Every structure is written in C-alpha cells, then in structure tokens.
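The structure appears right after this line, and notes come after that.
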Amino acid sequence: MGRVILLLVATSGPLVNLGPTTEPVAATEVLRQAQHTFREAVRLRDEPDKARPLFRRSADLFEDLRRRRVVNPALLRDQGNACLLADDLPGAIMAYRRGLRLAPNDRALQQLLAAAREQVNFAQPGTFARPPVEARPPWLPRLPLRGGLLLTCAVYSLGCLSLTRWLMLRRGPWLSLGLAAFALTTLLAAALFVEDLQQGNEAARPLVVIAHDGVLLRRGNGEAWPRRYETPMNRGVEARRLFERRDWVQIELSGGEMGWVPRKDVLIDGP
C-alpha cells in the first residue's frame, strides 16, 4: 500500500487548469479547497483515522467540480487519487476511466488505473468479472475526435499540395511525400472511425463499477429472481449498463456475462 500512496502523491499535480467555466470564482475556490484538503491528508497519512476523512472530503470537492462540468484529465486523476486514499476503490476506478476517456494516452492515468485494478478482490480464479481487455490494435493511434479530424484534414491537404507540386515539376521528393501523406491520412481516418464507434458504444452503454462486495448477478430485476451465476462480484468490478428498471440495473461484464444487480450496489457513469 505504501508503494501505491507514493504513486498517488507523485501523480497528483500541484494545480489543475480549470479552463473555461461559467463559475470561475466559485470553481477556483472549490479547487483550492480540494487541493488544500488533499495536501493536509497526505501530511497526516501516518494517522489513517485522521487522513481518510480528509481524502474523502477532497474527493467530494473534486466531484463537485465535475458536476459543474469543470472537467479535464488532471482533475479526474486527482479525484481518483483522493478516492483511492479514502478507501473508495470503485470511485477511484470510475475517475481514472473518465480521465482516460478524455486522454487515452495519459501514462499516469494508465498506471493509476492498473494499480487500482490490482486491489480488486476477485472471488475466484479465471476470467469472470475481470477488467476489459483492450481490443484495439497497438499500432492504431488514439486521437481525440476534434483534434484528430483537424490533423487528418491537415495531412490530407499536405498530400494534395505535394502531388500538385510533383505534377508541376515532375521531379524532387514531392511524389513520395504526397503518397506518404495519403497513407498517413488513411491510418488517421481508421483511428478516428474506431474512436467514434467506441465513443458511441460508451454513450449507449455507460460504464458501471460495482460499489460493494458480494453483489450477485440475477436473472431478473428483483431478489425473487434466481442467481444467474453463483460467483459474487466485489467492489471495483467493471461492467457496462444495458438497461434500468425500477431500482435494478442490467449489466454486461467484459466476458459477455449479463444479469441484474440492485441500483444501490453500482456506480454508473454520467453527468
């Protein structure tokens, strides 16, 4: 646990840039309180009974900022760190996953999510309830849609200009440069297509994190329904929401297992 604390403290930045906000004064004050409370909790980390409530308070303040739509990867990273040190493993995993949705190539967030997943207590060996495996080809770049579209257009324009120049001169490196630009355009377009599909899937099937230990998947939306699987899920298990009915949620695990769980036993990604 000491290694995890060092990693969390090392990756907690001294200042989060809030960016544009309709509540600049209030949001800045909330941020100041969140960071001050986190630093005070770190100072008291050798006294867990005093530090943990402060980490919890810091996490709640970061959540207040998120609900105001003051969101960026650094803020979500700090929120996840505060949650993890407050013994809120599900909240930490949710925050890190949200941060990686905004910045999928962020190495610090990737390491923190991996460290948090190591703390999930799986009920049995095997693949049941394990985290999702990245199916994306490792050679395919990850791009934000807006910035990626601008980059793709710029590279395509460079290819057009290069080929036009070659047609005018019929010599020099312009043909090679143009062909290379078009090849890169194809790669970027493929990356944007995959990213768009993934974001659409995430919007339709929001991330779910199990919030308590011993949660069972049932065949229907009620305690009277039989268990679909005998193996319980513990806090930190990740899934996707399929449907909600009354106080129950139908979820799908990374291995394709589906069932119903009480709404009170899960965190669901959302505004």
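The values are calculated or read from the model by the stated rules, or taken from the named source; none is laboratory data. Here the structure is a predicted model, which is why all the values come from computation and not from measurement. Cβ sites come from the backbone with ideal geometry, for glycine too, and all protein chains shown count toward neighbours. SASA here: full protein model, heavy atoms, side chains in, ligands and nucleic acids out. Shrake-Rupley method; radii C 1.70, N 1.55, O 1.52, S 1.80 Å.
Using a Gaussian network model of the chain in which every pair of alpha carbons under 10 angstrom is joined by a spring, one finds that among Val261, Val133, Val237 the greatest mean-square fluctuation is at Val133. Mean residue ellipticity, 222 nm, helices only, the chain: the sum of -39500 (n - 2.57) across DSSP H runs of n ≥ 4, divided by residue count and rounded to 500, is -18000 deg cm²/dmol. When region 113-199 is described by a simple charge dipole with +1 on each Lys and Arg Cβ and -1 on each Asp and Glu Cβ, the residue from Ala129, Ala191, Thr164 located farthest towards its positive end is Thr164. For region 61-69, 3J(HN,Hα) computed residue by residue from phi via the Karplus equation (6.51, -1.76, 1.60; θ = phi - 60°) reads 5, 5, 5, 4, 5, 4, 5, 7, 6 Hz, glycine and proline entered as x. Phi-derived couplings, Karplus 6.51 cos²θ - 1.76 cosθ + 1.60 at θ = phi - 60°, listed residue by residue for region 186-193: 4, 5, 5, 5, 5, 5, 5, 4 Hz, with x used for Gly and Pro.
If I compute solvent accessible area with a 1.4 Å probe over the protein chains, what percent of it on the chain is carbon and sulfur? Display every interim value, and only then the final one.
Details: 8600 of 14850 Å².
That share works out to 58 percent.
Dipole orientation for region 55-128: of the candidates Leu84, Ser58, Asn105, Asn105 has the Cα lying most toward the positive pole (charges on Cβ; Lys, Arg +1; Asp, Glu -1).
Converting phi to 3J(HN,Hα) with the Karplus coefficients 6.51, -1.76 and 1.60 and the offset θ = phi - 60°, region 31-38 yields 4, 4, 5, 4, 6, 4, 5, 4 Hz in sequence order, with x at every glycine or proline.
The H on the amide N of Val266, modeled in the peptide plane, is under 5 Å from the matching H of Ala211, each at least 5 residues off or on a different chain.
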